[in-house]
Amino acid sequence: MEFLKSTIKIGLEKPVGFLHISDTHLPKDDPADEKNGEFRAKAEADLIEALEYADRNGLYVLHTGDIMTYWNEKNLKTIDRLFGSRDYIFAVGNHDFCHEGGYFDDPENIERNIKLVAPHFPHNLVFYAKVIGGVNVVSVLNGFFRISEGQLEMLRAEVAKGYPVILCMHVPFFTQEHAAARLARGNCAHLLAPTEEYLACYPEKFQFQRADEMTLRAMEYIKSEPAIKAIIAGHTHMNWEEVLDGGTIQIVTAGTFEGGYAREITVE
């Protein structure tokens, strides 16, 4: 594995360290796939190596979703075994409670699957916050390219507590630079709130990624709120660092399954 390193400077009295993991993609266990066992062995080995690195270096683990490619009992048992009673923050991805990424699943099926998967994770999957070393780390579910009014109100309440905030979410905010780099690898940038110019390049099946008004309002608040210092995300399978309009840092880590990446983040 390759362990990247990033620093976020926000004026803490004492630095705090995190290990960012994303997009592990434990496999679907298709008996017809001859490489399934090899894929699972590598996915688990990389995840174990990342967790051991976190433990050796005293880092709090942040996983920004798609720990599974498909949710199934074997994957859930693997998560139980590897994470056990570990205290960590998980920003759920679109693959984690759905079939084929979930984009085209029936809403009732998605809701049912969330209820089945949720007991295997350490906290509420829609919204969660925990103060770690003087930083309020907030997890927001945005794997379906939406941020709800309820999530925004809960975020405002966390900001009001007075701590610097770091947001963990699966899908990164759109920027033209990131979108251009991602489109060079496929037909869709998979970023939150793409512009109409970029949406015009997307296949019809991905037009659902057009942001609704509530999501746009939430994003403007996040980018303009001085207490929100950084966004930590995954989903695009790229290593990417940038500064958004308003000064918020965005850090994206490619993932353990593709190239074997994890990122040590020091907040100081």
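The values are calculated or read from the model by the stated rules, or taken from the named source; none is laboratory data. Computed from a predicted model, the values in this text were never measured in an experiment. Cβ sites come from the backbone with ideal geometry, for glycine too, and all protein chains shown count toward neighbours.
Checked against (1) in contact with a helix residue (DSSP H, G or I) (Cβ under 9 Å, 6 or more places away or on another chain); (2) more than 30 Å from Lys42 (Cα to Cα), Val252 passes all but condition (2).
Which is over 16 Å from Glu220 (Cα atoms) and under 19 Å from the mean Cα position of the chain (by Cα), of Ala160, Ala200, Ala181?
Going through Ala160, Ala200, Ala181 in turn, just one is over 16 Å from Glu220 (Cα atoms) and under 19 Å from the mean Cα position of the chain (by Cα): Ala181.
For segment 228-268, a residue qualifies if it is in a loop (DSSP other than H, G, I, E, B) and in contact with a Pro (Cβ under 6 Å, 6 or more places away or on another chain), and exactly one does: Glu268. Can we say Phe145 is aromatic (Phe, Trp, Tyr), more than 23 Å from Tyr88 (Cβ to Cβ) and in contact (Cβ under 8 Å) with a residue 12 or more places away in the chain? The answer is yes for Phe145.
Residue-level check: of (1) on the phi > 0 side of the Ramachandran plot; (2) surrounded by 16 or more Cβ atoms within 10 Å (Cβ to Cβ), Val92 misses just (1). Being in contact (Cβ under 8 Å) with a residue 60 or more places away in the chain and farther than 22 Å from Ile21 by Cβ holds for only one residue in Val137, Val159, and it is Val159. Only one of the numbered conditions (1) more than 18 Å from the chain's Cα centre (by Cα); (2) closer than 17 Å to Leu19 by Cβ is not met by Val61, and that is (1).
So which residues in segment 72-89 are in contact (Cβ under 8 Å) with a residue 40 or more places away in the chain and surrounded by fewer than 23 Cβ atoms within 10 Å (Cβ to Cβ)? Lay out the reasoning, then the answer.
First pass over segment 72-89, keeping only residues in contact (Cβ under 8 Å) with a residue 40 or more places away in the chain: 72, 74-76, 78-80, 89.
Correct list: Asn72, Lys74, Leu76, Thr78, Ile79, Asp80.
Quick grid of which residues meet (1) of a type outside the set (A, V, I, L, M, F, W, C); (2) surrounded by fewer than 19 Cβ atoms within 10 Å (Cβ to Cβ); (3) modelled with pLDDT of 95 or more:
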residue: Ser6; (1), (2), (3): yes, yes, yes
residue: Pro15; (1), (2), (3): yes, yes, yes
residue: Glu34; (1), (2), (3): yes, yes, no
residue: Gly37; (1), (2), (3): yes, yes, no
residue: Ala45; (1), (2), (3): no, yes, no
residue: Leu59; (1), (2), (3): no, no, yes
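Scan segment 175-195 for residues that are at pLDDT 95 or above and more than 19 Å from Ala233 (Cα to Cα) and jot them down. Once the filter is applied, which keeps residues that are at pLDDT 95 or above and more than 19 Å from Ala233 (Cα to Cα), segment 175-195 yields only Thr195. Scan segment 1-46 for residues that are more than 20 Å from Ile232 (Cα to Cα), touching a residue at least 40 places away in the same chain (Cβ under 8 Å) and of a type in the set (Lys, Arg) and the total you get is 3.
Would you confirm, using the coordinates I've provided, whether Thr195 is among the polar types (S, T, N, Q) and free of Cβ contacts under 8 Å to residues at least 40 places away in the same chain? Yes: the conditions hold for Thr195. When segment 218-227 is filtered for residues that are in a helix (DSSP H, G or I), charged (D, E, K, R) and touching a strand residue (DSSP E or B) at 6+ places or on another chain (Cβ under 9 Å), only Lys223 remains. What number of residues in segment 245-268 are more than 23 Å from Gly58 (Cβ to Cβ), touching a Lys or Arg at 6+ places or on another chain (Cβ under 7 Å) and surrounded by fewer than 19 Cβ atoms within 10 Å (Cβ to Cβ)? Residues in segment 245-268 being more than 23 Å from Gly58 (Cβ to Cβ), touching a Lys or Arg at 6+ places or on another chain (Cβ under 7 Å) and surrounded by fewer than 19 Cβ atoms within 10 Å (Cβ to Cβ): 2 in total. Residues that are of a type outside the set (A, V, I, L, M, F, W, C) and surrounded by 16 or more Cβ atoms within 10 Å (Cβ to Cβ) were ranked within segment 207-220; the one that is farthest from Ile166 (Cα to Cα) is Gln209.
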